[in-house]
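See below for the structure under consideration.
The values are calculated or read from the model by the stated rules, or taken from the named source; none is laboratory data. Small disclaimer: the values here were computed from a predicted structure and weren't measured. As a convention, Cβ positions derive from the backbone with ideal geometry for all residues, glycine included, and neighbour counts pool all protein chains shown.
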Amino acid sequence: MEKDILIKMQEDLGRAVRKPEEKRRWGMLIDLRKCVGCHGCSVSCMAENKLGPGVVYRPVFEYETGKYPNVGRTFLPRPCMQCDKPPCVTACPVGGPDGATWKETKGIGAGVVKIDYSKCIGCGKCVPACPYGARALDDGSFHSNGKKVKAQPNEAAPFFEYGKKWVREDMHQPSGNARKCHFCVHRLAEGMLPQCTTTCVGRATYFGDLNDSESEISKVMAANKGKLQVLKKNKGTEPRVFYIADENLGNLYGSEK
């Protein structure tokens with residue numbers, strides 16, 4: 001019996017974390033032909049990172065394709081693109097390696113665009129700067145606010161972004177700060193795949209080292225070169241999230257806007 005792709009990617013991850021950071025390049029691939037629009041990745045990410053109202057790291061958008069009577073729907077998960085040229089970083093007044101947001105070059109999270117909650121001033125300038133709408137401000141509220149009930153245990157439980165322990169009930173950060181997907185770098189540090197990848201029921205999400213030609217993500221990308229796309233290529237952001245799709249994503253998502 002052939003191994004499940006999650007097992008293959010877990011093995012790929014084991015090889016990748018043992019490599020020097022300069023030889024490793026994290027990337028994500030989403031095969032839209034396999035995405036069933038279940039939103040499982042969105043929900044699991046919210047639970048993993050205890051996201052409050054209005055903060056969604058992995059939204060899934062729906063688009064109608066074709067013309068009546070031959071119509072269909074395409075589901076488009078849209079995490080942070082972890083751009084190699086991130087406009088959100090240049091828009092931040094305290095951005096840079098020693099600032100509030102930067103493109104990491106060291107350690108297990110090398111290649112990930114990170115946020116330092118202790119330095120973020122909550123100005124929100126990075127939010128509209130992202131062409132993909134991947135950032136949001138956390139106002140510190142709970143989903144149970146205004147419903148005459150206390151914060152539920154799942155909302156108040158600790159979470160571990162960037163390898164630190166956070167508790168929403170008694171913290172300042174990340175309340176008032178910008179937040180975004182970070183490829184679950186805290187999970188990578190523990191040898192686990194990003195949460196969205198593990199909970200993708202359609203096995204549409206691939207994650208791994210793009211510099212490893214034997215990794216599952218590299219093999220699938222090589223086999224689908226003709227259908228490989230990125231969002232808003234004209235923006236010059238050089239995203240690390242790739243898509244496989246039968247249709248031109250620019251027609252769906254407005255890549256030239």
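Data for the structure
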{"item": "When residues of segment 109-127 are limited to those that are part of a loop (DSSP other than H, G, I, E, B) and under 16 Å from the mean Cα position of the chain (by Cα), the one nearest to Leu188 (Cα to Cα)", "result": "Gly109"}
{"item": "Qualifying residue in segment 4-18 (condition: in a helix (DSSP H, G or I) and of a type in the set (Asp, Glu))", "result": "yes"}
{"item": "Odd one out for Gly208, checked against (1) more than 24 Å from Gly37 (Cα to Cα); (2) touching a Gly at 6+ places or on another chain (Cβ under 8 Å); (3) among the small types (Gly, Ala, Ser)", "result": "(1)"}
{"item": "Boolean, Gly96 is in contact (Cβ under 8 Å) with a residue 24 or more places away in the chain, of a type in the set (Gly, Ala, Ser) and on the phi > 0 side of the Ramachandran plot", "result": "no"}
{"item": "Single condition Thr101 does not satisfy, out of (1) in contact (Cβ under 8 Å) with a residue 40 or more places away in the chain; (2) buried (at least 18 other Cβ atoms within 10 Å of the Cβ); (3) within 19 Å of Met28 (Cα to Cα)", "result": "(3)"}
{"item": "Segment 33-51, subset outside any helix (DSSP H, G or I) and in contact with a Phe, Trp or Tyr (Cβ under 6 Å, 6 or more places away or on another chain), residue modelled with the lowest pLDDT", "result": "Lys50"}
{"item": "Helices (runs of 4 or more DSSP H) enclosed by segment 156-257 - at least 3 residues per element that are modelled with pLDDT of 95 or more and surrounded by fewer than 18 Cβ atoms within 10 Å (Cβ to Cβ)", "result": "216-223"}
